[in-house]
Amino acid sequence: MSRASAYRKWGYILAAAAAYGLANYLSGKKYLPGCSFAELRPQICMPIFAGIAWGPLAGFFVGAIGDSTGYLLAGVNPLPLWYWSVANGLMGGIPGMMYRTAKRHLAGLNDIKRLYVLLILASSLPYVFAAAMECLIKGAPWKATFQFVFLPIFTTDALFAIILIPAFLLLTGRVRMTIPTSLFILSTYLASMVALCTFAASMVAIWGRNALSEMAAAHLYSMGIMTLLSILIGFALAAFFVKRMTEPIMALTQAADRIADEQYGELAQLDTLARRRDELGQLASAFRQMAAKIHSREERLKTEVRRLHIEIDEARQRREVERITGSDYFKSLKNRAAQMRLMDKQHG
C-alpha cells in the first residue's frame, strides 16, 4: 500500500470514529425502557463495517475511540468506563476476521454464514465482558445487569448488525451474488422481517389493551430475545435448505466446467444426481447423455484428424520424393551411377 493510500485509509477510519462518537452522543439522550445505560444504536454498523473493510485494528479503533469520543461529547470522563470502550472496540475488531475474505469479495455460502456468526459474536461477547466488569468494579447485581444492561444491548445490536451489515456489503460490492449467496441473503432477510413484524404486531396488540405500560421491561427484552432466536433459527434453516437446493445446480455447473476442460472421466456426480426423481434428476440425466455424446463425437473427430494427418504426411512425402527425383541434379546423379556401374562391369 502506498503512503497516499495509507493516509487516505486512516482518514476514513478517523472520520468513522468521529461519526460513531457523535452518533453515540445523540442516541444516548434516549435510553431503552427500564434501562439507564442502553439505547438504540444503529450506528454500531460503523465499527463493524470498518473492521470488515479495513481490518480488525481499524474496527477496534473506530469502536473504542468513537465510544470514548461519545462520552467526552456528553461531558462524561471515559476513563472510569474504559471497559465499555474496549467492548465497543471488540465489537468492531471481531468481524475484522472477515477482512481478507471481504477484500476478494464474499463469494460463497460459507463466507456469508461465517459473517453472520461473527456478527452474533461481536454483538454478545464484548458486552458479556463489559457487563461482568460492571458487576466486578461497581458491584452491580448480576441479575439486574444481565436483564437491563446486557440483554437490551445484545438484542438491539445483534438485530441492527444482521439486518444492516449485509445491506452495506451489498451496496459496496463486497458480496459476489451467486445463486447460493443470493438465496441465503434473501431468505435471511425474509426471516428477519417476519420475526420483526410478529414482534411489532405483538407490541401493537398489547398497546391496544393499554397493557404495555404495565409490562415489565424484563418481559419486553425476553420477547426481544425470542424474536432474535427465531431469526437465528430461520438463518440456520435457510442455510440448510439453500445448501440442499443449490448443491445439484453447483454440481451441474462443475460438470459443465469439466466438460469444457475435456475431463470426461470426472463426472461421477452426474450419476448420483441422475437418480433423483425430480426435474434436476432429469436435467442431470440429459446432461450426462449429452456429455457422453460429446465425448464420443470428439473421439471420432480425433481419430479422423489423426487419419487425415497420416494421409497428408504420406502425400507430402510422395510430393517431396517426386520433386527430388524429378530434378536435373538427381537425374545427373542417376546417370553417373549408371555409368559407374557399367565401368565396374567392364573392369570386372
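All of the numbers you see were taken from the coordinates with simple rules; none came from a lab. As the structure is a computational prediction, the values presented were derived from the model and not from experiment. Methodologically, a virtual Cβ is constructed for each residue, glycine included, from the backbone with ideal geometry; neighbour enumeration extends over all protein chains shown.
For Leu106, list long-range residues whose amide hydrogen, built 1.01 Å from N in the peptide plane, is under 5 Å from its own amide hydrogen.
Placed amide hydrogens put Val175, Arg176 under 5 Å from Leu106.
If you wrap a convex hull around the C-alpha atoms of region 58-183 and split its volume per residue, what is the figure in Å³?
Spread over its residues, the Cα hull of region 58-183 gives 110 Å³ apiece.
In the structure displayed, which of Lys30/Lys113; Lys113/Lys143; Lys30/Lys138; Lys29/Lys138 lie more than 26 Å apart, Cα to Cα? All intermediate terms of the calculation are to be shown ahead of the outcome.
Working: Lys30/Lys113 33 Å; Lys113/Lys143 32 Å; Lys30/Lys138 23 Å; Lys29/Lys138 23 Å.
The pairs that break the limit, which is 26 Å between Cα atoms, are Lys30/Lys113; Lys113/Lys143.
Taking a label point 7 Å from the Cα of Asp278 along the Cα→Cβ vector, which residues of region 152-191 have an amide N closer than 15 Å to it?
180
Quickly work out the Val128-to-Leu170 label distance, labels modelled 7 Å from Cα along the C-beta direction, and quote it in nm with one decimal.
Label at Leu170, label at Val128, 3.1 nm between them.
Calculate, for Leu121 and Met290, the FRET efficiency according to 1/(1 + (r/R0)^6) with r their C-beta to C-beta distance and R0 51 Å; round to the nearest 0.05. Don't skip to the end; give the middle numbers.
Numbers: r = 46 Å, r/R0 = 0.91.
E(calc), rounded to 0.05, equals 0.65.
Ordered by residue, what ³J(HN,Hα) values in Hz, to whole numbers, does region 114-122 give under the Karplus form 6.51 cos²θ - 1.76 cosθ + 1.60, where θ = phi - 60° and Gly and Pro are x?
4, 4, 5, 4, 5, 5, 5, 5, 5
Would you kindly give the portion of the calculated P(r) for region 3-258 that falls above 32 Å, as a percent of all Cα pairs? Working shown, then result.
Numbers: 9031 of 32640 pairs.
So the pairs more than 32 Å apart make up 28 percent of the total in region 3-258.
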